[in-house]
Structure formats: structure tokens, C-alpha cells
Amino acid sequence: FLLAKLLPHADGILFHMCPEYVIGAHILPRLFGVRSGIWYIHPRKNKLLPLATLLVNNIFSATAESFPMASNKLVTTGHAIDCETLNGIAHMPTQIPHLLMIGRLAPVKNVHVFLEALTLLQEKGFNYQATLVGNAAYYDQDYVATLHKYAHAHQLHVTFAGGVPYHVIPTYFE
């Protein structure tokens with residue numbers, strides 16, 4: 001009911017990663033003459049995705065490779081990283097290389113592989129400092145605990161910075 005109340009005042013509606021929502025609500029945007037789209041970025045195709053793509057005006061994904069099927073409705077947007085923000089950052093050279101990983105802490109992001117790479121560097125005698133910037137969804141808290149235990153057990157030189165606002169990210173490159 002809320003959607004039907006809000007749509008007459010909207011320019012469009014974007015369904016985020018949920019083809020089932022498109023299927024359940026697709027008639028409302030049509031009734032109110034509002035364009036609809038779905039954002040979907042995943043290599044696997046949800047079984048409802050083919051039907052959902054027929055019911056929206058546009059499909060948005062970061063790259064063509066990040067959307068699991070061909071469609072002339074696909075609009076690629078990139079990953080919303082403002083590279084201009086990072087231009088001109090004063091970088092102070094340091095004696096110790098600093099490695100940085102920014103993103104959601106989730107198994108699908110293979111954060112553990114980053115930690116395993118740090119272990120290999122350490123075993124080869126490389127001196128480094130690493131920072132992980134990002135947080136996890138509530139359902140990935142066990143994974144994050146595993147990452148912390150691994151880092152501690154291998155005495156990795158890594159800081160878990162947690163999630164930070166987007167405007168703070170450039171400070172990690174300084």
C-alpha cells in the first residue's frame with residue numbers, strides 16, 4: 001500500500017537485487033506511468049531474474065560481466081568509485097609498504113585470501129603493514145570472527161578499521 005501511495009509522486013522506482021520484488025510489484029509502476037529498473041550485480045542468475053528483466057524498463061549493473069545474462073536493457077554504471085577524489089592525494093613515501101583492502105567483509109569478497117597473501121609475504125620475510133576497511137552484514141559476523149582469529153594466529157600486521165563513511169576513504173591512501 002505504501003508503494004501505491006508514493007509512486008504517483010516518483011520519477012521512477014529501482015528494485016535492488018530482488019527479482020521477486022519486481023514480479024510482485026511490477027504492475028504498480030505501469031499503472032502510475034513510472035519507469036522501473038533493477039540493480040543486479042551477481043554472477044549467478046536468480047531463477048526469477050529472466051522474468052523480472054522482462055517487467056522493468058532498465059537493468060543496472062556495474063559491468064556487463066557482473067550481470068549474468070544478455071539484455072538490451074542493460075545499463076552499465078561502473079562501481080561508483082570517484083577516482084577524481086583520489087587524484088592529488090599527498091602520498092608520503094614510507095619505509096614499510098602499506099597494503100589496503102576496502103570493501104564489505106564477506107566470504108564472497110574473499111577477504112581471507114588477502115590475509116593468506118599477507119601470511120605468504122610474512123613467511124618470505126617481507127615487512128608490511130595492512131589495513132582492512134569495511135564492515136560485514138549481520139549474517140557474516142562469524143566470518144569476520146574467523147578473519148580476526150586467523151590474523152591473530154598468524155601474527156599478521158593488519159588493522160581492521162571497520163566501516164567508515166565514503167568521504168573518509170581518501171585518508172587511507174595518504
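Surface composition of the range 23-166: carbon plus sulfur atoms hold 59% of the accessible area, using a 1.4 angstrom probe and ignoring ligands, DNA and RNA.
The modelled label-to-label distance between Met69 and Thr94, using points 7 Å beyond Cα along the C-beta direction, is 4.7 nm. Distance between the C-alpha centres of the range 98-170 and the range 1-62: 35 Å, rounded to the whole angstrom. State which stretch of the chain is the longest one without any exposed chymotrypsin sites (Phe, Trp or Tyr not before Pro), exposure meaning a DSSP loop state and at most 15 other Cβ atoms within 10 Å. Result, exposed sites excluded: 33-125.
The H on the amide N of Thr159, modeled in the peptide plane, is under 5 Å from the matching H of Ala130, Thr131, Leu132, each at least 5 residues off or on a different chain. You can think of it this way: the chain between Cys83 and Lys45 has 10.7 nm of extra reach, that is 0.36 nm per residue less the Cα-Cα gap. In this simple spin-label model, placing a label point 7 Å from the Cα along the Cα-to-Cβ direction at both Asn127 and Leu14 gives a separation of 4.6 nm.
Accessible area per residue was computed with a 1.4 Å probe on protein heavy atoms; Arg104 scores about 100 Å². Against the main long axis of the alpha-carbon atoms of the chain, helix 141-153 sits at an angle near 10°. Taking amide hydrogens as placed 1.01 Å from N in the peptide plane, the amide H of Ala106 sits under 5 Å from those of Val111, each at least 5 positions away in sequence or on another chain.
Considering only Cα atoms, the convex hull volume of the chain works out to 159 Å³ per residue. Amide H contacts under 5 Å for Leu74: Ile59, restricted to partners 5 or more places along the chain or on a different chain, H placed in the peptide plane at 1.01 Å from N.
Rounded to the nearest 10 square angstrom, Ser36 shows an accessible area of 10 square angstrom against a 1.4 Å probe.
The values are calculated or read from the model by the stated rules, or taken from the named source; none is laboratory data. Treat the numbers as computed from the prediction; the structure is a model and nothing was measured. Every residue, glycine as well, gets a Cβ built from its backbone with ideal geometry; the counts of neighbours run over all protein chains shown. Surface areas here come from the heavy atoms of the whole protein model, side chains and all, with no ligands, DNA or RNA. Shrake-Rupley method; radii C 1.70, N 1.55, O 1.52, S 1.80 Å.
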